[in-house]
Structures are given as structure tokens and as C-alpha cells.
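Below is one structure; the comments refer to it alone.
Every read-out reported here was derived from the displayed coordinates using simple, explicitly stated rules and does not represent laboratory data. Owing to the predicted nature of the structure, the values given are computational and were not obtained by experimental measurement. Because the Cβ atoms are built from the backbone with ideal geometry, glycine has one as well, and the counts that use them run over all protein chains shown.
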Protein chains: 2
Amino acid sequence: MRREVTLRDVAELAGVSSRTVSNVVNGYANVTERTRERVQRAVEELGYRPNVLARNLAQGRSGQIAVVVPYLDTPYFSELLQSVIRAARISGYNVLIDQTDGDAEHERGFIAHGSRRLLFDGVIFSPLGLDQRALADRDPALPLVILGERASDGSFDHVGIDDVAASRQATEHLLDLGRHRVAAIGDQPYATGEAAQLRTQGFREAHTARGLSIREDLIIGTARFNRPDGARAMADLLDRGDPPDAVFCYSDLVALGAIHTILARGLRVPEDIAVIGYDDIEDGRYSNPTVSTISPDKEWIATTAVERLLLRIGSSTPPPGLELRAPHKLIVRESTTGRASRP
Amino acid sequence: MRREVTLRDVAELAGVSSRTVSNVVNGYANVTERTRERVQRAVEELGYRPNVLARNLAQGRSGQIAVVVPYLDTPYFSELLQSVIRAARISGYNVLIDQTDGDAEHERGFIAHGSRRLLFDGVIFSPLGLDQRALADRDPALPLVILGERASDGSFDHVGIDDVAASRQATEHLLDLGRHRVAAIGDQPYATGEAAQLRTQGFREAHTARGLSIREDLIIGTARFNRPDGARAMADLLDRGDPPDAVFCYSDLVALGAIHTILARGLRVPEDIAVIGYDDIEDGRYSNPTVSTISPDKEWIATTAVERLLLRIGSSTPPPGLELRAPHKLIVRESTTGRASRP
């Protein structure tokens, strides 16, 4: 590779100190017009481009924010990212994205002391591997906004919808249709699956509020919220006999996987089994049948996350961490009420 | 925000120069054991962490590669990224991802002289806004591998499948089914849509090879390769009367949008209209009907792109740019041959 022209090369040619070149390049006022011109000529002659990293070092800023998500092939995240990128660019920030696969060590790298501080000025983070305690042990100077899992401990902002209320609403929609054996697919009863646990809680509350008992064997766990896991969980339910007549799926992908299995077995959606998802991804608007769902206001989540992060980046003393609840709504489509619901 | 401990703080406490601290931190040999210990004590006492950017500046390396794609909400890219990230991490590289929205200026920023050189050591780039000529006007020292559009000009590697052959194969599959009025959705006859143009060429060749004439009015352009554009283009075709009996769509998303429209009009897939897509995304494996498609070997594309990029990063003189053709295959599913094709 060709050697890059350095600040020192410019200084040598212009016959000034490196600090003076730096002052000129960064537009500081403490340089005479004559010196400025001499440096400028040397910059042009050598084709010197001020190095972004060097400038970041000098200014303590990168002009970049990082968005860290577990999986980029999850449409919920890729749709949310569209809005995050748009909102950040309007404020002059570039967005760098990283995928963690939910790996706790990789996640820790993003919030650890100093490790990458000057690559980005703050992080919008959707943790999966790190639990609440691990989150607390981080660089306190790092501006941080959390999406999805993990409640705020007061030192960062958390943006998400009310998972319990939304899940209760989804389950109530199935019960309102007169369904009696409602299953839930997506539970993650272990420590890190907090969103899943809140959704199971909402599922339970919908039953309890109507005095209905919960069939524990109809609450099915999955490792991820994706199509293959949804398809497998549904196959398990159907293999048992006494199948459910409705299913609340913890994501639209899980719902699409479940619907695939139901149709492959020669059963009908929603006549035999009604299915509702969660996330309102584009996929569920075009599928056959289209998928009823809980629609979080992704635009609200994205713009709020960016606004709060930029506020933190610009504050010399960190603002208090907030729990921010995004609006959500129930969207009824064919997978619960059939063709009649087609707009 | 708390002020970060700097190299200078360490130097002051240890009573040595900043350069000496830098030598110790970077493990250079030209420091006495006594000095090394003194610096080490100061590092520990102050909790100093060597700054990634500072170290990159010193070493001229970031340990990061950038992957730059037009749209992250395109499953083809998000699936490909899974394999790129995996392959890069095995080689000790972190991957930073950026979305350009196909904006030429934004794309240029990634390959321009010096601009971000030390943030990443090389770029895997799927351009959309920049044409071949604009690509040539870039930092020649930047290791670059191109995906999708744009052929290699000999100075970078290009990894992709043979779009003409694959599209011809997809079209021949429809003709083999005895379909006579085959439409194509996804043409982009303007300058930058090279992949689209190659697909149209393959579509034409399949007809010409069999002595069939091409109905030019059945070749439909779209702005993007997504569901809404596929749905709209199909609606246009159906509104005209004399609808096609088969459609070659330039992506699976376009195919899913087209199928949505066909079913909403009360027509059947494939009985009334057979549909084939392109990309083999997970979506088309779970949809109803499942989608016949051209399946590029994404794992091959990803690992080859990473291998070539790391080879370029590690070479003092750039290796010649190669045209690398990934394997692909035709996958027949329900959207062309009906339930019989269900595995």
C-alpha cells in the first residue's frame, strides 16, 4: 500500500511545527493568515488529507454512533435500523452497525472501559447475552441507549413498548374470537430472555383476567424468534394431538414458521388454527395469509433512541436514565379473521 | 463525561516521555526493563487503557473491515452479512456495516482518498449509486472487493454469480412448464442497474434460443427489488388484460409481492400464473406457496470476498483484480410446480 502523507510531511514542507499544521487543518483561530496560506499550499502540494482518526483524537469526537444488535437477519432490527440511520444522518451522525450473535463477550466489548471509545461517540444497544448486572459494569462515560430487553437502571435510557400490555392484547384478540385452546410460542424462561418473559406474562394475564386456566403444556419455548423455530414448535404442538385452535407467536417470523407448518399439514389458517404474531414486519403484510400482529411504532423508537443518545453525547453531566414507552397497536389481518379482514 | 486517562497522564506520573509510554504500550523492544516496569505501574495506577484509535494511528491498522450495502432491510444482504461476519471474525477482524441507500455521495465517502482510511483496513462494497467510472476514481491504496453490480476493472475483485446464465435458466424453467406468455419484473434499463440488465439479457436469451419472440410490454421495470414494487408491477400487468401465465422476478421479494397481488385478485399460483424469484432467501422457503428461485451460493460469496480482502490488506503490492464467479442453482418449489414439489 502507498504510504499516506502525514501531518509531519506537511509541517516539514511548510517549515512549521506539526501543531501549527494541526491548528490550520482543524480551523483553529490562533494562526496568522500568512502561516495558514503556507500550510495550505503544502497540504495541496502533497495531497494531504487530514486523517479522521487523528482528528477524532484531537477533538475527542468521531461523529459516529454505533448500533449493536444480536442479529441483522431479523427484519425487525433491519427495519428499525432504516429509521435509526435516517434520524442519525439528519443530525450529521454516521451509523456503524455491528452484530453480536448474542455473544456476551462480544457485547461486553462495546460497552467496556475505553476499548473503542473514539470509534463512536455513543451506542444504541440491543443486548441479548449480557444480563442486567453485566450491563451495569460498563464504562460509565459511554453514552448508552438500550433497545428491547433490559430495563433502565437509571444510568441509561431504555426504549421499548409495553410488552406485557401488548401481549395481553394479542391474546385477548384470540380469546375474543371464541378460541379456547390458545398456545404461546417463543417463551424463554431462562435469565436473559426478558422480552419473552414479559410476553408470557401478558399471555397469562389475559387468561387470568377472564378466569380461564392456562394450559402450561401449550406454552412452547424457542431458542430464537425465527421461522425455523416457529415451524418446529408448531410441528411439536400438532404431533401431540389435541392441537390448539389459536397461537400467540412472540414474533412475526415465528408466526410465519408456524403458519408454514399448519398449511403443510393440510390444516387451515385461521379456520382451524388462528395465528397472531408480533413486530409488524413487511413480510407479514404480503404473506398468504397476511399476519395479524402487534405493531410497535418503530419510527418512534428509532427517533427517540437517536434523540436521547445525541442528548447524552452532548451533555457534560449525563442526564438521568429514562424508561421510554413507545406506542403500539393491534393490527388484525387474515391469519386471525380470514379473508374478511383484507382491506 | 469523565475525562479519559491519556498517554500523557501516564508519562507524567512515570516521569518519562509520551513516546516511551507508547513504546511500552505497543510492546516495542527499545525500552529498558526498569522503564517498562515504571510505565506499567503508572498504567495500572491510573487505569489507563491504550486508545484504539491512537494505536491504529501508530500501526496503520484498525483490525476492522467495512461492509457497505445499499439496503440492510434486503434479506439477501442480511443473510450474506451473517456469513461475512462469521468469516471475518475467524480471521480476527471485526466488521462494521454501513447502509448507503444507494446514495452516490455516501458511497463515494467510503472509497475516497484517505477519508476514513484508519477506521477500516478494507471494504467489501455493494455499490448502487456509483457507476463503473466513479468506482475507478478512488483511493488506489484502499483494499476493495465488490459484490453484485459492477465488473472488475482489474484493480479490485468482483464476486458474484453469472447473472445472465442464471436468469436464462430461470426463464427456461418457466418455458419448460409450457408457459407461453412469460413476463419479467425488475428491469432497470438505466445506467446503474447492471445486475438487472444482465437478468433481462438472460431472459431474452432463453426466448431467442428457442426461437420465441419476446413481448417487450411484458418486461416491467421497478425502482427497487422489494415486495411493494413487485406487488405494484404485478397489479399493472393484471390490469392490462391478456395477463402473463408466468413471471420471472429479479428477486424473491419481488416474487413475494407479485404472488400477494395474484392471490388477492383471486387467481392461483402456479395454476394461473407460475412465479419464480431470485436470491433464495429464507422467506421464500416458508411462504405459501413456497417460491422457486435461483440460489446463489452465499457462503461461497461471503468467504471468498473476505479471503480476497484480507489477502489485499496483507499485500504490500496489490494482487490483480479478479472476476470471481460463485456457483448457483435452480431450486424448484411450489410457486412454479405446485404442491407436488413440496419435499
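Structure above, values below:
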{"quantity": "For segment B:284-295, Karplus couplings with θ = phi - 60° (6.51, -1.76, 1.60), whole Hz, Gly/Pro x", "calculated": "x, 7, 10, 6, 10, x, 5, 9, 4, 7, 8, 9"}
{"quantity": "Using a 7 Å Cα-to-Cβ projection, A:R86 label spacings across copies, nm, ascending", "calculated": "3.2"}
{"quantity": "Amide H contacts under 5 Å for B:A246, placed H, 5+ residues apart", "calculated": "B:R181, B:A183, B:A274"}
{"quantity": "FRET efficiency estimate (nearest 0.05) - Cβ-Cβ, A:R34 to B:R36, R0 56 angstrom", "calculated": "0.80"}
{"quantity": "Potential extension, A:S155-A:L46 segment - 0.36 nm per residue separation minus Cα distance", "calculated": "34.5 nm"}
{"quantity": "Residue among A:S18, A:F248, B:L174 farthest towards the positive dipole end of the protein assembly as shown, charges placed on Cβ", "calculated": "A:S18"}
{"quantity": "GNM top mover of B:D131, B:D103, B:D217 - chain B, alpha-carbon springs below 10 Å", "calculated": "B:D217"}
{"quantity": "B:D239-B:S316 pseudo-label distance in nm [points 7 Å out on the Cα-to-Cβ vector]", "calculated": "6.4 nm"}
{"quantity": "FRET efficiency, 1/(1 + (r/R0)^6) with R0 41 Å, evaluated for B:R339 and A:A209 via beta carbons", "calculated": "0.45"}
{"quantity": "Residue of A:V164, A:V16, A:V145 that the Gaussian network model of chain A assigns the largest fluctuation, springs spanning Cα pairs under 10 Å", "calculated": "A:V16"}
{"quantity": "Cβ-vector label at 7 Å, A:R339, separations to other copies in nm", "calculated": "1.7"}
{"quantity": "Residue with peak Gaussian network fluctuation, chain B [Cα springs, cutoff 10 Å], from B:G257, B:G92, B:G284", "calculated": "B:G92"}
{"quantity": "Per-residue ³J(HN,Hα) for segment A:214-219, Karplus 6.51 cos²θ - 1.76 cosθ + 1.60, θ = phi - 60°, Hz, x for Gly and Pro", "calculated": "9, 7, 4, 6, 9, 9"}
{"quantity": "Alpha-carbon centroid distance for the pair segment B:82-112 / segment A:297-332, whole angstrom", "calculated": "26 Å"}
{"quantity": "DSSP beta bridge pairing in chain B, given as percent antiparallel to the nearest 5", "calculated": "10 percent"}
{"quantity": "Over the protein assembly as shown, equivalent-ellipsoid semi-axes from the Cα gyration tensor in Å", "calculated": "48, 35, 20"}
{"quantity": "Long-range HN-HN contacts of A:D157 with modeled amide H, under 5 Å", "calculated": "A:L144, A:I146, A:L322"}
{"quantity": "Principal axis dimensions, segment B:163-296 - Cα atoms, whole angstrom, descending", "calculated": "33, 28, 24"}
{"quantity": "For segment B:140-203 versus segment A:179-221, the gap between their alpha-carbon centres in whole angstrom", "calculated": "47 Å"}
{"quantity": "A:D162 long-range amide H proximity, modeled H, under 5 Å", "calculated": "A:A326"}
{"quantity": "Projected area averaged over orientations for segment B:121-179, convex hull of C-alpha atoms, nm²", "calculated": "5.1 nm²"}
{"quantity": "Reduced Cα scattering model of chain B, Debye log10 I(q)/I(0), q = 0.07, 0.12, 0.15, 0.16 Å⁻¹", "calculated": "-0.40, -0.86, -1.16, -1.27"}
{"quantity": "Distance in nm between pseudo-label sites at A:V332 and B:L175 (7 Å out along the Cβ direction from Cα)", "calculated": "5.0 nm"}
{"quantity": "Distances in nm from A:E33 to the matching label points in the other copies, shortest first (labels 7 Å along Cα to Cβ)", "calculated": "6.2"}
